[in-house]
Amino acid sequence: MKKLIFTGLTAAILLSACSSQKTETAETSATAEMTQVQQEAQAFLDQYSQTYQDLYTKSAEAEWASNTRIVEGDSTNAVATRKANEAFAAFTGSVENINTAKAMLEKKEQLTPLQVKQFEAILYAGANNPQIIPDVVKARIKAETEQTEKLYGFDYRIFEKSVSTNEIDEILRNEKDLKKRLNAWNASKEVGPGLKEGLLNLRNLRNKTVQSLGYDDYFSYQASDYGMTREEMMDLMKQINQELRPLYRELHTYARYELAKKYGVKEVPDYLPAHWLPNRWGQDWSSMVNVEGIDLDGALKPKGSEWIVKQGERFYTSLGFDPLPQTFYTKSSLYPLPADANYKKNNHASAWHMDLDKDVRSLMSVEPNSEWYETSHHELGHIYYYMTYTNPDVPVLLRGGANRAYHEAIGSLMGLAAMQKPFLAELNLIDKNTQTNEVQTLLKEALNYVVFIPFSSGVMSEWEHDFYAKNLPADQLNKRWWELAKKYQGIVPPANRGENYLDPATKTHINDDAAQYYDYAMSFVILFQLHDHIAKNILKQDPHATNYYGSKEVGNFLRDIMYPGASADWRQMLKENTGEELSARAMVAYFQPLMDYLKEQNKGRKYTL
């Protein structure tokens, strides 16, 4: 056989061709493998999502029944809720599903970004229901159901007469007699002691549940949903508090002197007695101020409760959003129960995405007043968020907010927008020619939004952090609560509140939405960033006097934020839409005109914070 001899150039060409062929073959193989991995991943995700959605819906329906029809002594709903939640937990926490998700994430470079996010969501859900410890998960679900029933089935009484939480709130907003205020405030706290044993049990069960998959504690688990450690989350809360502290200090001083005057108390206290404030937890003082020329309660009363909800819907449709589905009205529980009802319901406003698809509902007790007017716009913000990210581009597992705070931010943003003077004038709720004191308007808003920050980022977040992460001793629960209330809010109880009370447990979130109240603090920061951008860059209006109504451009801006749901990166979303990272800058700037007024009012007054 004749031997072939290659020159150097020919050899190089042939070697190059061989090498190129090998590379192409390797690339083709890699592409084929990647496609196969993605196909396998998608097949699992499709199957998982279908079962997840079905069990989620059954759980939501059971929870809805437990929250809207509470009959003393009847455990039917509680049993049904527990069974539905156990089935959901068994699926999301199954060892097989968790292991599959982990295995898939080891090949994350070969998955699409959307698939990666879904597998991460599967693991996050699984960590709250791990079936490597099924008895603990079942016990936690049972304890949560029982705690909810105790909280919402409680019979509040003033002088042996049953009262609703709405009636207690009305007294705290309007009553000038301090004795009557004290009776109402005390009545609002009576539910606490009966919740203590259940809450301690829940702490143990919640911590054990997530620790089985490597989280230090339940607070750390919840904070991880933001891609943050608990230490990072608490540092962020401290930062937000510090940025708003100078303004809160002025508001606190102003409130002490103004309320002492209102109640006829000559010696102004260094700290605010809790029963002096118009809110059970001192988180919203806005009803202290009535802006002259604006009587929103008076304007809303003759319109009735139904008008308030319908007007909320009209606001959103004016921005270009679809009308609410008819089932929203037929299936929701929107108004207070009749006085002769033989059952109770949860009066805390909430929005529900029942099936992660078209079934959206709200649970409220709407009455024709300014508070429920704002609340209705807020809750419909959640509803429209649900409706917007329920689209073919967002998988079932990612039908949530960009982060939990975004959901609250959108709702609160719409609540703020619905209370601005030009908007109220368009609805003929106030005369457009009415001269109002703009500083008073700003003061009323600050007594809501700014006052909320020390409560949410300080008292609630730090108490729950200590409760779960530091295993706060059972004989220091109430003591720690009031230490934090004094430190952050400058609020003290009317009298000594020993460990025979459990005042933190009177706040619903401590029981059934635990270790995530920082969501609300972050949401206020985000809402002012969004509002600042909308006012200045879209509407070209003063942020203190905007009218979103009818602006399709505002609707498109909000739709762009809401449409991708949890498939978007929340930090990137904020930066791209507002031009800045998470910061209280916009909130501080919004209330800056108020600082000069408050400093003038507080001249010669004693500061205690």
Hey, among A469, A446, which residue is of a type in the set (A, V, I, L, M), in contact (Cβ under 8 Å) with a residue 60 or more places away in the chain and within 26 Å of E499 (Cβ to Cβ)?
-> A469
Only one of (1) assigned to a helix (DSSP H, G or I); (2) touching a residue at least 12 places away in the same chain (Cβ under 8 Å) fails for N500. Which number is that?
-> (1)
Which residue pairs have Cβ atoms closer than 6 Å, lie 6 or more positions apart in sequence or on different chains, and pair a first residue in the range 125-139 that is in the same structural domain as Q211 (by TED's automatic domain parsing) with a second residue that is assigned to a helix (DSSP H, G or I) and among the acidic types (D, E)?
-> K138/E86
Looking at the range 290-300, is at least one residue in the same structural domain as K552 (by TED's automatic domain parsing), outside any helix (DSSP H, G or I), crowded, with 19+ Cβ neighbours inside 10 Å and touching a residue at least 24 places away in the same chain (Cβ under 8 Å)?
-> yes
What is the number of the single condition among (1) over 24 Å from Y590 (Cβ atoms); (2) touching a residue at least 24 places away in the same chain (Cβ under 8 Å); (3) part of a loop (DSSP other than H, G, I, E, B); (4) not hydrophobic (A, V, I, L, M, F, W, C) that Y221 does not meet?
-> (3)
For E267, the lone unmet condition from (1) under 24 Å from the mean Cα position of the chain (by Cα); (2) assigned by TED's automatic domain parsing to the domain that holds F455; (3) in a loop (DSSP other than H, G, I, E, B); (4) acidic (D, E) is (1)
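Can you spot a residue in the range 115-129 that is among the aromatic types (F, W, Y) and either within 22 Å of A60 (Cβ to Cβ) or assigned to a loop (DSSP other than H, G, I, E, B) (or both)?
Within the range 115-129, one or more residues are among the aromatic types (F, W, Y) and either within 22 Å of A60 (Cβ to Cβ) or assigned to a loop (DSSP other than H, G, I, E, B) (or both).
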Residue check, P494 against (1) touching a helix residue (DSSP H, G or I) at 6+ places or on another chain (Cβ under 6 Å); (2) part of a helix (DSSP H, G or I); (3) in contact (Cβ under 8 Å) with a residue 24 or more places away in the chain, all met but one. Which one?
-> (2)
Would you mind finding the one in L380, L429, L397 that is surrounded by fewer than 22 Cβ atoms within 10 Å (Cβ to Cβ) and assigned by TED's automatic domain parsing to the domain that holds D519?
-> L429
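Being exposed (fewer than 14 other Cβ atoms within 10 Å of the Cβ), of a type in the set (D, E, K, R) and closer than 30 Å to Q50 by Cα narrows it down to one residue among D322, D355; which is it?
Values: D355 fails: exposed (fewer than 14 other Cβ atoms within 10 Å of the Cβ).
The match here is D322.
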What are the residues in the range 353-402 that are under 23 Å from Q42 (Cα atoms), touching a Lys or Arg at 6+ places or on another chain (Cβ under 8 Å), in a loop (DSSP other than H, G, I, E, B) and aliphatic (A, V, I, L, M), if any?
-> L356
Say whether the condition of being over 21 Å from the mean Cα position of the chain (by Cα) and either in a helix (DSSP H, G or I) or crowded, with 21+ Cβ neighbours inside 10 Å (or both) is met by at least one residue in the range 330-351.
-> yes
Please state which one of A474, A545, A521, A535 is of a type in the set (G, A, S), over 23 Å from A586 (Cα atoms) and in the same structural domain as A418 (by TED's automatic domain parsing).
-> A474
Determine the pairs where a residue that is of a type in the set (G, A, S), located within the range 315-335, has a partner that is surrounded by 16 or more Cβ atoms within 10 Å (Cβ to Cβ) and assigned to a helix (DSSP H, G or I) with Cβ atoms under 6 Å apart, the partner being 6 or more residues away or on another chain.
-> G320/G555; S333/T68
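Conditions tested, residue by residue: (1) modelled with pLDDT of 95 or more; (2) surrounded by 15 or more Cβ atoms within 10 Å (Cβ to Cβ).
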{"residue": "S567", "(1), (2)": "yes, yes"}
{"residue": "Q572", "(1), (2)": "yes, no"}
{"residue": "E576", "(1), (2)": "yes, no"}
{"residue": "S583", "(1), (2)": "no, yes"}
{"residue": "Y590", "(1), (2)": "yes, yes"}
{"residue": "L594", "(1), (2)": "yes, yes"}
{"residue": "K599", "(1), (2)": "yes, no"}
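The values are calculated or read from the model by the stated rules, or taken from the named source; none is laboratory data. Keep in mind that this is a model prediction, so the values were computed, not measured. Cβ: placed from backbone, ideal geometry, glycine included. Neighbour counts: every protein chain shown.
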